[in-house]
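The values are calculated or read from the model by the stated rules, or taken from the named source; none is laboratory data. The structure displayed is predicted, hence computed values, not measured ones. Please note: Cβ atoms are built from the backbone with ideal geometry, for glycine as well, and neighbour counts cover all protein chains shown. What goes into the accessible areas is simple: the full protein's heavy atoms, side chains included, and nothing from ligands, DNA or RNA. Shrake-Rupley method; radii C 1.70, N 1.55, O 1.52, S 1.80 Å.
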Amino acid sequence: MKPNNRQLFLLHQAQTSEFPLLLEIVSAQGNYLIDVAGKKYLDLISGISVSHLGHGNEAVKRAVMHQMDAHMHVMVYGEFVQSPQTKLAEKLTSLLPPTLDAVYFLNSGAEATDVALKLAKRVTGKFEILACKKSYHGSTHAALSLNSEEEYQQAYRPLLPGVDFIEFNNLDSLALITHKTACVIVEVIRGEGGYIPADIEFLSQLREKCNQHCCLLIFDEIQSGMGKTGKMFAFEHYSILPDILLLGKALGAGMPIGAVVSSKAMMSSFSHHPILGHITTFGGHPVVCAAALAGIEELLRLDLIKEVAKKEMLFRENLPHQAIQKIDGMGLMLAVQLDSFENTIKVIQYAIEGGLISDWFLFATNKIRISPPLTITEDEIMLASKILLMAIEKVYGVSV
Ligand SMILES: Cc1ncc(COP(=O)(O)O)c(C=O)c1O
């Protein structure tokens with residue numbers, strides 16, 4: 001008998017865990033995923049923090065088809081003038097302050113992290129890097145070097161030299177920034193650490209210290225960008241600007257992308273001594289850029305960001321249970337904290353059985369992720385809350 005897809009997946013695809021979810025999804029429409037048996041799941045994670053317009057957005061699909069008709073890949077990044085790239089860079093920089101006026105497009109978030117580190121070293125002539133404990137910036141070698149957790153580092157040493165860690169939201173920790181520091185990389189909303197927003201005082205002192213020591217401040221908004229916090233970029237809540245901004249995930253509107261945004265002056269260092277200081281074959285793929293541009297235009301046309309705060313409140317108001325210790329996060333990046341990993345896994349499993357997809361966090365394994373498409377409706381928020389509460393009750397009993 002021929003193996004089915006699930007067996008083939010286990011047989012021939014590299015596994016990343018010993019307990020994969022194994023849902024076999026055959027289509028995705030709006031805010032729902034549909035499995036091979038026709039069962040519908042409300043999507044509370046948007047794969048992770050990617051599908052902010054929901055699934056199957058018509059304008060994005062049209063842009064992809066239109067670009068495929070014109071041309072797909074033609075040349076490595078940075079040589080030919082390709083209108084999807086130029087239009088996307090123009091649009092993106094029009095949404096950002098004037099100091100962030102040059103974009104380098106890549107294929108993934110981790111790649112954007114790597115490029116940002118290279119840029120910081122090149123611009124400052126220094127090599128020491130500071131990252132925050134329990135932050136995630138990707139899984140490539142350089143990005144992994146920024147992962148503070150011994151469990152992840154020990155298997156892959158030696159990693160990038162000169163990396164040290166500060167405590168997120170800890171002002172004393174900023175003393176680690178010295179004249180030898182090339183850059184500090186920080187998530188404005190710590191993602192895999194369980195959706196913890198940065199304190200304004202922390203970010204403003206961080207900015208000041210970076211200025212004092214001539215080191216670059218990198219904001220990783222790969223997860224928090226594109227409207228999820230109620231602003232297009234989370235740093236807008238703080239009015240503090242980075243020297244380098246990293247984007248990815250939702251920027252591609254469902255297609256793979258990463259982007260480093262900085263000033264034209266800094267970015268120009270990749271073009272000389274050596275020439276081709278960073279190159280990529282597929283970064284800025286025309287079809288991906290066409291999708292991303294249509295995605296930004298849809299996000300603005302549908303005015304989805306305006307609704308985010310109201311939707312956040314609806315989630316917060318409709319999850320009353322004594323087993324919930326707190327709900328962290330901002331906008332539609334929320335993390336429901338329970339008591340243990342074991343119980344969190346059980347709740348997630350019951351939620352999936354009830355038709356709701358959620359997940360835990362890499363560095364916050366007792367938290368349930370709420371990062372739905374921004375298109376989620378009020379009725380769907382009520383439904384998601386109901387299913388989640390039912391799952392929590394199955395594990396902890398009814399709240400008294
Ligand atoms: C904040 C942050 N940075 C970087 C990355 C890495 O992005 P990618 O998985 O596209 O390499 C992620 C992915 O989860 C992320 O959340």
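Some points to look at:
- Set K39/K61; K133/K367; K134/K231 screened for pairs whose C-alpha atoms are more than 22 Å apart: K39/K61; K134/K231
- A 1.4 Å probe run over the protein chains yields, for the range 1-89, 65 Å² of accessible area per residue, whole-number rounding.
- Per residue, the accessible area of the range 314-400 comes to 39 Å², computed with a 1.4 Å probe over protein heavy atoms only.
- Cα-Cα over 26 Å, subset of K228/K394; K91/K126; K40/K311; K87/K121: K228/K394; K91/K126; K87/K121
- Among beta bridges that DSSP assigns inside the range 58-301, antiparallel share in %, nearest 5: 40
- Per-residue ellipticity at 222 nm computed for the chain from its helices equals -10000 deg cm²/dmol, with DSSP H segments shorter than 4 residues left out and the rest contributing -39,500 (n - 2.57).
- D69, D43, ranked by accessible area, largest first (probe 1.4 Å): D69, D43
- Förster radius 30 Å - calculated FRET efficiency between M65 and S139 (Cβ-Cβ, nearest 0.05): 0.40
- Two-site FRET efficiency, E151 against A37, from Cβ-Cβ distance with R₀ of 35 Å, rounded to 0.05: 0.45
- Cα-projected label distance for V74 with K91, points at 7 Å along beta-carbon direction, nm: 1.9
- Cα-based shape type of the range 275-323, given that a ≥ b ≥ c are square roots of the gyration tensor eigenvalues and the cut on a/c is 1.5: prolate
- P(r) of the chain over all Cα-Cα pairs, binned every 20 Å from zero, in whole percent: 27, 58, 15, 0
- Accessible surface of T375 - all protein chains present, 1.4 Å probe, nearest 10 Å²: 40
- Axial C-alpha extent at least 24 Å, average Kyte-Doolittle at least 0.5 - helices from the chain (DSSP): 378-396
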